[in-house]
Amino acid sequence: MKKLLLATAAAAVCATGALAEVKVGMITTLSGGGAGLGIDVRDGFMLAIAQSGRDDIEVVIEDDQRKPDIAVQLADKMIQSEKVDVLTGIIWSNLAMAVVPSATAQGKFYLSPNAGPSALAGKGCHQNYFNVAWQNDNLHEAAGAHSNTAGYKNSFIMAPNYPAGQDALTGYKRMYEGELAGEVFTKLGQTDYAAEIAQIRASGADSVYFFLPGGMGISFLKQYADSGVDIPVVGPAFSFDQGILQAVGDAAMGVVNTSQWNKDLDNPTNAAFVESFQAEYGRLPSLYASQGFDTANLLISALEKAAPADADAFREALRAADFDSTRGDFAFGPNHHPVQTIYAREVIKEGDVFTNKIIGAALENHSDAYAADCKM
C-alpha cells in the first residue's frame, strides 16, 4: 500500500486492487513549485482510503504541473476516457476556475480539498460542487479579526495577483478595521521580494499581512528576516504550514497565522490522524494533508448511503457531511462551503521541529460572505 500511496503522477491506484465501483479522478500539483501542497493532499486522501478498508474505490492520480491548460486536458481525459464519477485534488484557484465549471456542467461531482475561489461560492455555485477546505477569503478574514485584537492600526498587505490572492486581500480588508499603509499584488511564483520589502520599510506600517503560499512564502520570509525590517507579520496558514516551516526556520518563530486546523486540535479523529499520518509517511501532517483526509472521508461517508450514479441521493449524502472530521464539528453552508471555527496559531519549536500551536479562536462558526448570492 505504501508504494501505491507514494505513486508518482499518472498513477492509477485502487485501495486493494479489486474491481472498482467508484472511480475518482485526482488532479493535483506533484511537481515544480507548490508540489508539496499537492503531495500532502494526495497522501492525506489516500491514507483515508486505505484506512476505510474499501475495495470499491479507484483513484486515478495526475500531475497538473500548476498549469491551467494541463489541468483542463487532464480533466477532459478523466471525464471522457477514464469515466470518473468524482473529481478532486486541485490546489490552485486559477486551475479550479479552469476545471470545475466544465466538470460540474457535465454532471460530475467535484470535491475541493483546497481551492475555494469566490466565483464558485456565490453566483457561480453549483449543486455538484462541494468545498471541504474553506472559501478563499475565510482564513484572511480571521487574520483581519486577529489584527484588530492585536491592536494593529496600519497594515501593509500583499498577495499574488491571481484569484486566491485577490480573495485573500478582500477577506483581510473585510474584517480589518484599521488603515492600510500599502496594498501590493505580486507576480504568481515570484521569488525576489527586494522591491516589496523596500516599500514595506518606507510605508510606516505597524504590521504586515501577506499571503504567499508554497515557495513564495519561503522566499519572502527569508528575505524579510535578512532585511532587518522589524515590523511584525501576520499570515494565513498557507504561508506557515508544516511543510513550509522547516525551510523557513527561525524567521517564522512567533508569527501568528490563521487556520481552521492544527495538529493539536483536541478531538479523537484528529489525534488518530496525526499519529497514523506520521507513522505512514515519517513526517507531521500539514493543513493540506488534513484537508485531503477529510475530503476522502466525506466521499466515503456519502458512498455508504448512495452511489454517484444516483446523483440526487449522492448529493444529499454529501450535503449531510456525516463523517468525523479532523476539525471536530463539520457542516456545509447553503453553498456547499464549510461553516467552521478558524483559529489563531503561533509558530513554535518542538525540539528540532518548527510547528504551530493554537492560541485561540479568531472567528467561531464562521461562514463565507458569498453564500447569499448562491441560488441552488
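Evaluate the following for Asn267: is it within 23 Å of Arg174 (Cβ to Cβ), in contact (Cβ under 8 Å) with a residue 12 or more places away in the chain and either in contact with a Gly (Cβ under 7 Å, 6 or more places away or on another chain) or open to solvent by 20 Å² or more (accessible area, probe 1.4 Å) (or both)? When the stated conditions are applied, Asn267 does not pass them.
Would you confirm, using the coordinates I've provided, whether Ala105 is assigned by the TED database to the domain that holds Tyr288, more than 22 Å from Gln242 (Cα to Cα) and modelled with pLDDT of 95 or more? Against the criterion (assigned by the TED database to the domain that holds Tyr288, more than 22 Å from Gln242 (Cα to Cα) and modelled with pLDDT of 95 or more), Ala105 qualifies. Could you identify the single residue in Gly32, Gly25 that is under 20 Å from the mean Cα position of the chain (by Cα) and modelled with pLDDT under 95? The conditions single out Gly32. I'm checking my understanding of the structure. Among residues of segment 341-362 that are in contact with a His (Cβ under 9 Å, 6 or more places away or on another chain) and open to solvent by less than 10 Å² (accessible area, probe 1.4 Å), which one is nearest to Pro232 (Cα to Cα)? Among them, the one singled out is Ala344. What about Gly32, is it out of contact with any Gly (no Cβ under 8 Å at 6 or more places or on another chain), open to solvent by less than 20 Å² (accessible area, probe 1.4 Å) and part of a loop (DSSP other than H, G, I, E, B)? No; evaluated as a whole, the condition is false for this residue. Screening Ile61, Ile79, Ile91 for residues that are assigned to a strand (DSSP E or B), outside the structural domain of Gly171 (by the TED database) and out of contact with any Pro (no Cβ under 6 Å at 6 or more places or on another chain) leaves exactly one candidate, Ile61. Of all the listed residues (Ser286, Ser259, Ser301), the sole one being in contact with a helix residue (DSSP H, G or I) (Cβ under 8 Å, 6 or more places away or on another chain), closer than 19 Å to Glu58 by Cα and among the hydroxyl-bearing types (Ser, Thr, Tyr) is Ser301.
Per this entry, Tyr193 is not counted among residues that are hydroxyl-bearing (Ser, Thr, Tyr), within 30 Å of Ala331 (Cα to Cα) and at pLDDT 95 or above. Please work out if Ile61 is at pLDDT 95 or above and either open to solvent by 20 Å² or more (accessible area, probe 1.4 Å) or in contact with a Lys or Arg (Cβ under 7 Å, 6 or more places away or on another chain) (or both). Here the answer is yes, as Ile61 does meet what is asked. Among the residues of segment 299-340, count how many are under 19 Å from Val24 (Cβ atoms), surrounded by 21 or more Cβ atoms within 10 Å (Cβ to Cβ) and in contact (Cβ under 8 Å) with a residue 60 or more places away in the chain. Residues in segment 299-340 being under 19 Å from Val24 (Cβ atoms), surrounded by 21 or more Cβ atoms within 10 Å (Cβ to Cβ) and in contact (Cβ under 8 Å) with a residue 60 or more places away in the chain: 6 in total. Selection of segment 322-357 for residues being over 18 Å from the mean Cα position of the chain (by Cα) and more than 13 Å from Asp294 (Cβ to Cβ) yields Pro334, Glu346, Val347, Ile348, Lys349, Glu350, Gly351, Asp352, Val353, Phe354, Lys357. Among the residues of segment 64-92, the ones that are open to solvent by 50 Å² or more (accessible area, probe 1.4 Å) and of a type in the set (Gly, Ala, Ser) come to 1 in all. Ala296 passes every criterion in (1) in the same structural domain as Asp352 (by the TED database); (2) hydrophobic (A, V, I, L, M, F, W, C); (3) farther than 20 Å from Leu139 by Cα; (4) buried (at least 24 other Cβ atoms within 10 Å of the Cβ) apart from (1). The residues of segment 233-246 that are touching a residue at least 60 places away in the same chain (Cβ under 8 Å) and touching a strand residue (DSSP E or B) at 6+ places or on another chain (Cβ under 7 Å), listed by number, are Val234, Gly235, Pro236, Ala237, Phe240, Gln242, Leu245, Gln246. State whether one or more residues within segment 270-281 are closer than 29 Å to Gly171 by Cα and modelled with pLDDT of 95 or more. The answer is yes, given that some residue of segment 270-281 is closer than 29 Å to Gly171 by Cα and modelled with pLDDT of 95 or more.
Evaluate segment 150-158: report whether one residue or more is at positive phi and assigned by the TED database to the domain that holds Leu188. Scanning segment 150-158 turns up at least one residue that is at positive phi and assigned by the TED database to the domain that holds Leu188. Residues of segment 218-237 that are part of a strand (DSSP E or B) and open to solvent by less than 10 Å² (accessible area, probe 1.4 Å): Val234, Gly235, Pro236. Residues that are acidic (Asp, Glu) and under 17 Å from Gln260 (Cα atoms) were ranked within segment 295-341; the one that is modelled with the highest pLDDT is Asp324.
The values are calculated or read from the model by the stated rules, or taken from the named source; none is laboratory data. It should be emphasised that the depicted structure is a prediction, and the values quoted were computed from it without experimental measurement. Because the Cβ atoms are built from the backbone with ideal geometry, glycine has one as well, and the counts that use them run over all protein chains shown. Ligands, DNA and RNA are stripped out before the accessible areas are found, and what is left, the full protein with its side chains, is counted by its heavy atoms. Shrake-Rupley method; radii C 1.70, N 1.55, O 1.52, S 1.80 Å.
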